[in-house]
Amino acid sequence: MKNMDFVTVGDTVVDDFIRLKDAAVHCKVNHEECELCVRFGDKVPFESSTIVYGVGNAANAAVSAARLGLSVAHITNIGKDSNGDKIVEYFKTENIDTGYVTQQPAVPTNYHYVLWYEDERTILVHQNEYEYTFPHDLPEPKTIYFSSIGEKALPYRDELAEYLHQHPNTFFAFQPGVFDIKVGVERLKRLYSRADLYVVNKEEAQRVLGLPDTADDIPPLLAGLAALGPKNVIITDDKNGAYALQADGTTFNLPMYKDPNPPIERTGAGDAFCSTVAAYMTMGGVTLKDAMQRGLINAAYVVQDIGAQRGLLKKEKLESLFNALAQ
């Protein structure tokens, strides 16, 4: 493999979107701790099923960066099955190098069910356990983007940390997934201390820092995450936009970009935002603030279609929308 601009590392899945109509949402006070409810012990009709191949945090980032014009490779493990074959075929159509996509015959491709109700989704997750080996022969890329692998793949995370230690010029973007957060900061301190860009949402920030969900004040959350070692920290907060603490100690907030139309469903908005920021930092020549503004635009457009990738913008369209903000 040649030196790539942008290399993504993380598990890849198939998402099966099951659109529900006969359901309800019950929430506690202030619209918090909501639960999706269907009739128990009954036959519940659904409206449609849409299967999307080649998704997952890192895979979404790979497609995002490729559409923005970067040369991209994806490092992942999938099954040697029909779902895995379709993922490989799909990545090639998106101009993603599949040289480090490993198809393992003994483990099936990850398959998730997405319960889609109104414009939100609840994902039923089952993570298969692959044999993870990081490719140390990987030619040094400009950026490595890491997000979400299996909980038990701790040696793999260590191998990634060692590779990053040996390649200090590579920009490292870290968007922790559910299992990365569950593993804990202490176990992943080499990745935290090496991160040039670290992005989580507010609820994830609270969990990472071991704080209650009432710890809503963003500046202390930013400071707490920065103390773990990342150079630039971003926290997204739904309709309140995104907050950043830069390496020079300055902070700022950007409001949410107005949805061009009501969202169809919100899968992948965070991935679109984070990957766009990382992609523009890889390109260079832009401030973190301007990279984030582009990320907010891409996030607003990805929710205009089903899944985490269909709505991702190409660079020309994204630049046009960004430039229109200044007019």
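Quick notes
- Within region 156-185, tally of residues that are loosely packed, with under 14 Cβ neighbours inside 10 Å and modelled with pLDDT of 95 or more: 5
- Filtering region 71-85 to residues that are open to solvent by 20 Å² or more (accessible area, probe 1.4 Å), touching a strand residue (DSSP E or B) at 6+ places or on another chain (Cβ under 6 Å) and touching a residue at least 60 places away in the same chain (Cβ under 8 Å) leaves only 83.
- Residue list for region 265-311, restricted to those being surrounded by fewer than 17 Cβ atoms within 10 Å (Cβ to Cβ) and over 16 Å from the mean Cα position of the chain (by Cα): 284, 285, 286, 287, 289, 290, 304, 305
- Screening residue 62 with (1) part of a strand (DSSP E or B); (2) of a type outside the set (Phe, Trp, Tyr); (3) under 30 Å from residue 96 (Cβ atoms) gives one miss only, at (1).
- Qualifying residue in region 57-66 (condition: small (Gly, Ala, Ser), under 22 Å from residue 4 (Cβ atoms) and surrounded by fewer than 17 Cβ atoms within 10 Å (Cβ to Cβ)): no
- Taken over region 108-133, the residue count meeting the criterion of being in a loop (DSSP other than H, G, I, E, B) and either at pLDDT below 95 or open to solvent by 60 Å² or more (accessible area, probe 1.4 Å) (or both) is 12.
- Screening 71, 49 for residues that are over 18 Å from residue 277 (Cβ atoms), over 22 Å from the mean Cα position of the chain (by Cα) and of a type in the set (Ser, Thr, Tyr) leaves exactly one candidate, 49.
- Search result, residues across region 14-33 that are open to solvent by 10 Å² or more (accessible area, probe 1.4 Å) and of a type in the set (Val, Ile, Thr): 18, 25, 29
- Within region 314-327, tally of residues that are within 28 Å of residue 250 (Cβ to Cβ), open to solvent by 10 Å² or more (accessible area, probe 1.4 Å) and under 21 Å from the mean Cα position of the chain (by Cα): 1
- Count of residues meeting criterion [assigned to a helix (DSSP H, G or I) and touching a residue at least 40 places away in the same chain (Cβ under 8 Å)] in region 267-310: 24
- Any strands (runs of 3 or more DSSP E) falling wholly within region 1-54 and containing at least 3 residues that are under 27 Å from residue 239 (Cα atoms) and in contact (Cβ under 8 Å) with a residue 40 or more places away in the chain: 13-20
- Exactly one residue out of 238, 217, 259, 271 is farther than 24 Å from residue 61 by Cβ and either among the hydrophobic types (A, V, I, L, M, F, W, C) or out of contact with any strand residue (DSSP E or B) (no Cβ under 7 Å at 6 or more places or on another chain) (or both), and it is 217.
The values are calculated or read from the model by the stated rules, or taken from the named source; none is laboratory data. Small disclaimer: the values here were computed from a predicted structure and weren't measured. Glycine gets a Cβ as well: all are built from the backbone with ideal geometry, and neighbour counts include every protein chain shown. Please note that ligands, DNA and RNA were not included when accessible areas were found on the heavy atoms of the full protein model with its side chains. Shrake-Rupley method; radii C 1.70, N 1.55, O 1.52, S 1.80 Å.
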